[in-house]
Structure formats: structure tokens, C-alpha cells
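Below is one structure, written out as C-alpha cells; comments come after it.
The values are calculated or read from the model by the stated rules, or taken from the named source; none is laboratory data. Bear in mind that the values here come from a model prediction, so they are computed numbers and not experimental data. Because the Cβ atoms are built from the backbone with ideal geometry, glycine has one as well, and the counts that use them run over all protein chains shown. Heavy atoms of the whole protein, side chains included, go into the accessibility calculation; ligands, DNA and RNA do not. Shrake-Rupley method; radii C 1.70, N 1.55, O 1.52, S 1.80 Å.
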Amino acid sequence: MGGAEERVVVVDAANVVGSRPDGWWRDRAGAARRLLVKLAALQGQLPGTTIAVVLEGAARKALDGDPLDLGGLRVVMAPASGDDTITQVTVDFLAAENPPAVTVVTADRGLRQRVEPLGATTTGPSWLLDQLETL
């Protein structure tokens, strides 16, 4: 991973989906699938930016069913802890010879405390949701 990207946005999908009480808990995979479609559209409008979204738990089924055209969106399935996977994805991007600027989208304080010392910046889900609303 990494190297050619100018900017990377790593998305804590569970945190972003969970930040709005829109009934997502009734269909976690469906909510994640809707987020992936929106993120893919955003990815197409941000040249030089790679979006990597981490799915965990029931949300990992978001790619089941009809195929999605996700363009250059990177989808990472967390085998266990989403926070561990997000941290590892961040480490992988920052380990590049010429690392990109990495921003992790989460409101999780514990996760922020793990990725900021690595050199990543963090922002809350509202920033990303505002970006997605303009599509």
C-alpha cells in the first residue's frame, strides 16, 4: 500500500455509520453498503486521494449480493478488531518511502490516541458526512 498517493483517508465505517441514528442497527450490512456507494462516488471526485474504508463485524457482508462498482475505493475487511485493522492500515500507508498525508475518520478517542502518534491526523464523522451530502 501507499507511495503514489498524495493523501489517504482511512474511514472507520462502524463509527461513521453509527454517528447518525437513522436505523442503521436494523441492517448493518445495508448501511455499510450505502456508505460504500457514497464513498466510491466521493473517491471519483478527489484526484490524488485514496479512500480506504474498514468494515468489521456484520458490516463485512456489505459486499454480498449484487456486485458494486466501487472504482478506486479500497475496502479492507477487519478479521477481528476494527480498531486494530484501522491502525494497521494507517501504519502501512505511513511506512511508504514517501508517505502520503493520512487522515483517519473516527470519533473514537481510543483509536485517535493510537493513530495520531503514528503521524496521522484525525477528524470526526461529521466532516466526512458533510462531504457525502454534497454529492
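In region 44-62, how many are buried (at least 21 other Cβ atoms within 10 Å of the Cβ) and under 13 Å from the mean Cα position of the chain (by Cα)?
Total meeting the criteria: 8.
Being under 21 Å from residue 45 (Cα atoms), under 13 Å from the mean Cα position of the chain (by Cα) and either at pLDDT below 95 or surrounded by 13 or more Cβ atoms within 10 Å (Cβ to Cβ) (or both) narrows it down to one of 103, 87, so name that one.
103
Only strands (runs of 3 or more DSSP E) wholly contained in region 49-132 count here; list those with 1 or more residues that are free of Cβ contacts under 8 Å to residues at least 40 places away in the same chain.
Fully inside region 49-132 and qualifying: 74-77, 121-123.
Sort out which residues of region 1-41 are closer than 22 Å to residue 92 by Cβ, within 12 Å of the chain's Cα centre (by Cα) and of a type in the set (A, V, I, L, M), and write them in order of number.
Residues satisfying the conditions are 8, 9, 10, 11, 13, 14, 16, 32, 35, 36, 39, 40.
Within region 14-37, how many residues turn out to be open to solvent by less than 20 Å² (accessible area, probe 1.4 Å) and either of a type in the set (Asp, Glu) or in a helix (DSSP H, G or I) (or both)?
Number satisfying all stated conditions: 6.
Take residue 11 and decide whether it is within 19 Å of residue 111 (Cβ to Cβ), assigned to a strand (DSSP E or B) and either open to solvent by 30 Å² or more (accessible area, probe 1.4 Å) or aromatic (Phe, Trp, Tyr) (or both).
No, not satisfied.
Please state which of the following conditions residue 29 fails to meet, knowing it meets all the rest: (1) in contact with an Asp or Glu (Cβ under 8 Å, 6 or more places away or on another chain); (2) of a type outside the set (Asp, Glu); (3) within 20 Å of residue 133 (Cα to Cα).
Every condition holds for residue 29 apart from (3).
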